Amino acid sequence: MRLCRACLKRYEAGTIFHFFDMECPLCNTCLRQIDHRVHFRVADGIRCLCLGYYEGKMKDYLIRYKESLDYELRTIFLYPYATLLSLIFAGCLAVWAPSSPARIKERGFDHMEGIASNLNLERCAALTKPDGTEQKEMGRQGRLAISDRITLNPGVDIAGRRILLLDDVVSTGATLAGCHRALLSAGARSIFTICLMDNDEEHSKKHF
Amino acid sequence: MERTEDFTCPRCGNSDPDGIGIGPTGKPYCRICLQYDGREAPAFTPSGQRIQLSLTYPLSPAQRTVSNQVLAAVTKGQPVLIKAVTGAGKTELVYAAMEHFLSRGLAVGFATPRKDVVIELEPRIHEAFPMATITSVYGEHTQVLSADIIVLTTHQLYRYPNYFDLLILDEIDAFPYAGNQVLKHFFRRSVKGVYILLSATPSQTDLEELEKDKGAVITLDIRYHGQPLPVPQIRLYGPFGKLDIIACLRDFLSAGKPCFVFAPTISRVRRLADLLRLFCPGGASVDSQDPDRERKIADFKAGKLSYLVCTAVLERGVTVRDLQVIVADADHPIYDAAALIQIAGRAGRKSGYEDGEVIFFCHREEPWVKEAVSTIEETNHHAAMQSVPKKI
Ligand SMILES: [Zn+2]
Ligand SMILES: [Zn+2]
């Protein structure tokens, strides 16, 4: 019997994922909860690949990971795409949208670094943003202003590198735009952006 | 690195290695009680009002007997399980005991697994104790944590360690409380004095645990309005499947009776609602993920909606006049006999409207469907034996 990392239930391996992947973190039920609506979205001028939408069970798990600090959940969000992405983006440098140092200290970990660690790629905490710019506390105007305040960490050299940029949730795209600006001005050769969940207002309007 | 096997959670007592993770620093942490993280209530201070029970309607003789038995037990410090069928007027049974504790300036809590029930109970209890301060604590509603009477979901009990002189726990067999060891732990932790459990269908474990606490089981078999529970009719789907539901619903609606249609899962609720909408206008569907849920339920209660299609979330605690109940796919394994009995208890809940009909639609007559029907027949038989006046 295997243990599901998400719902903590013991289960009998029963899907093709379990057959090929001994390390599969999810049970049959939780695997079915993965939102497979992979799509491209252009947000704030940035084209990004979204792996699903910000809703349902996976949204709950992301909140449990980020807010309730369930560190073990870091392995489930890129599943089952991590292996494929590691192959496609071989040679790229994995970089993620930053949390503020205060937030990282409060959580005890950088939640995006935990997610990025599932990729078999070189990783770098290249970006940072000042304290007091957490999205929750800011309105839409404020969020747009954040994009100017994301900067490269001192001592990081990404000149000429191909970058794989990761973020958990994309809403307005302001954060991503800020990351792009910082990375490009530091000489990144190219940037491909992947978001776990799309929190598109247009999409949620369609549903309710 | 510490081993997860040797770790016991200091907060919830969990020591099952499956529920323990390794944190970023290599230290083990409990994954079970993570979500119970928030402000704890300040120490209890009574409002100092003279609190008296003021019921505007009389208790039935059967209710009075049970109420007195409960009061006698809890004043001795003995825990109680009240076994009462749905619609028996369970809440009123504990008012006397609540008054006893409140008038002495002691902390009284009323916990239930479901948020909807908390929202519905708060005004009802306030009506009974107009002098007492009262607060409800659930989900996103946690601003005021202290009052003379605290009505809360079982999820919120973690905020009240060793707090309540009298804690009442309603619907102990309901999700998510039933079988949840963490919630049970927080429940036990928050009882300082004595507790009262309410249930229509207590499980064997519930009874054994009560036994250990030397508690008493007190039974009330009669519905508040002295009428038997409606006996559900089992109907097998005909060759046109769901069309039978439409015919049945149209009958109820043309008689001007509001109706609940239950479906086993959220996706089936949505599909069934789409179908019913074509033939029966004026209804809506509700499920636990619906942001408009509270408004729709309120509309239904106010008579603005003629029927609701929903999952079992609505199965408890919502009372509507002259309600009819249809269960689509009662043979779905998600139901058991206890759940079906609860659902059947929804029908005709208010006095003067007790001829509610309950219809179970099935593909096959599964054993739990038949068990539900026979249990209701048995309860009615018991009730008839007790020969209590039909109307007060
Ligand atoms: Zn699972
Ligand atoms: Zn714990």
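The values are calculated or read from the model by the stated rules, or taken from the named source; none is laboratory data. Since the model is a prediction, treat every value here as computed from it, not as a measurement. Neighbour counts run over all protein chains shown; Cβ positions are idealised from the backbone, glycine included. In case anyone asks, the SASA skips ligands and DNA or RNA and just uses the protein heavy atoms, side chains included. Shrake-Rupley method; radii C 1.70, N 1.55, O 1.52, S 1.80 Å.
So for each of A:50-59, B:114-123 I average, over its residues, the number of other beta carbons within 10 Å; can you give me the resulting order with the highest mean first? Mind dumping the intermediate values first?
Values: A:50-59: 18.8, B:114-123: 20.5.
The densest-packed peptide leads the list: B:114-123, A:50-59.
In peptide B:10-19, what is the residue-averaged number of other protein chain Cβ atoms found within 10 Å of each Cβ? Kindly include the intermediate steps, with their values, before the conclusion.
Numbers: counts 0, 0, 0, 0, 0, 0, 1, 1, 6, 2.
Per residue, the average neighbour count from other chains is 1.
Run the accessible area of the protein assembly as shown with a 1.4 Å probe and give the carbon-and-sulfur part as a rounded percent.
Carbon and sulfur together cover 52 percent of it.
Mind checking which of A:45, A:187, A:155 has the largest fluctuation in a GNM of chain A, springs on alpha carbons under 10 Å?
Sorting by GNM fluctuation, first place goes to A:155.
Modelled label-to-label distance, residue B:203 and residue B:143, 7 Å Cα→beta-carbon offset: nm?
The modelled label-to-label distance comes out at 3.7 nm.
Express the accessible area of segment B:233-387 per residue in Å², computed with a 1.4 Å probe while the remaining protein chains stay in the model. Write down the numbers at each step before the final one.
Values: 7010 Å² over 155 residues.
In whole numbers, segment B:233-387 has 45 Å² accessible per residue.
What's the buried accessible area, both sides, between B and A using a 1.4 Å probe, rounded to 100 Å²?
Buried area (both sides, nearest 100 Å²): 1000 Å².
Over chain B, what relative contact order in percent results from Cα pairs under 8 Å that are six or more residues apart?
16
With a 1.4 Å probe and all protein chains left in place, how much accessible area per residue does chain A have, in Å²?
49
Can you tell me the Rg and the Dmax, both Å, for the Cα atoms in segment A:35-206?
Rg then Dmax for segment A:35-206, in Å: 15.0, 45.
Rounded to the nearest 500, what is the 222 nm mean residue ellipticity of chain A from helices alone, with -39500 (n - 2.57) per DSSP H run of 4+ residues and division by all residues?
Working: 9 runs with 68 residues, N = 208.
One gets -8500 deg cm²/dmol as the mean residue ellipticity at 222 nm.
Using the alpha carbons of the protein assembly as shown, what is the convex hull volume per residue in cubic angstrom, as a whole number?
Details: hull volume 110.1 nm³, N = 600.
In the protein assembly as shown, the Cα convex hull volume per residue is 184 Å³.
Give me the net charge of residue B:165's neighbourhood, meaning all other residues with Cβ under 9 Å from the Cβ of residue B:165; Lys, Arg count +1, Asp, Glu -1.
My count for the surroundings of residue B:165 gives +2.
Apply the Karplus parameterisation 6.51 cos²θ - 1.76 cosθ + 1.60, with θ equal to phi minus 60°, to every residue of segment A:153-169 and state each ³J(HN,Hα) to the nearest whole Hz, in sequence, with x for glycine and proline.
My calculation for segment A:153-169 gives 5, x, x, 8, 10, 10, 4, x, 8, 8, 10, 10, 9, 10, 9, 7, 10 Hz in order.
Mind checking B:66-72 for the average number of partner chain beta-carbons within 10 Å of each residue's beta-carbon?
Values: counts 0, 0, 0, 0, 0, 0, 0.
Shielding by partners across B:66-72 averages 0.
Could you work out the relative contact order of chain A, using alpha carbon pairs under 8 angstrom and six or more residues apart, expressed as a whole percent?
21
Suppose R0 equals 25 Å. What FRET efficiency, 1/(1 + (r/R0)^6) with r the Cβ-Cβ distance, do residue A:88 and residue A:203 give to the nearest 0.05?
Result of the calculation: an efficiency of 0.45.
Which pairs break 19 Å Cα to Cα here: A:57/B:184; A:66/A:105; A:57/B:242; A:105/A:129? Intermediate results must be reported in sequence, preceding the final value.
Numbers: A:57/B:184 25 Å; A:66/A:105 13 Å; A:57/B:242 29 Å; A:105/A:129 13 Å.
Distance filter (> 19 Å) returns A:57/B:184; A:57/B:242.
Inside 10 Å of the C-beta atoms of A:38-44, what's the mean count of C-beta atoms belonging to other chains?
Rounded to a whole number, the mean comes out at 0.
Would you calculate the separation in nanometres between label points at residue B:27 and residue A:149, each defined as 7 Å from the Cα along the Cα-to-beta-carbon direction?
Placing both labels 7 Å along Cα→Cβ, they lie 3.0 nm apart.
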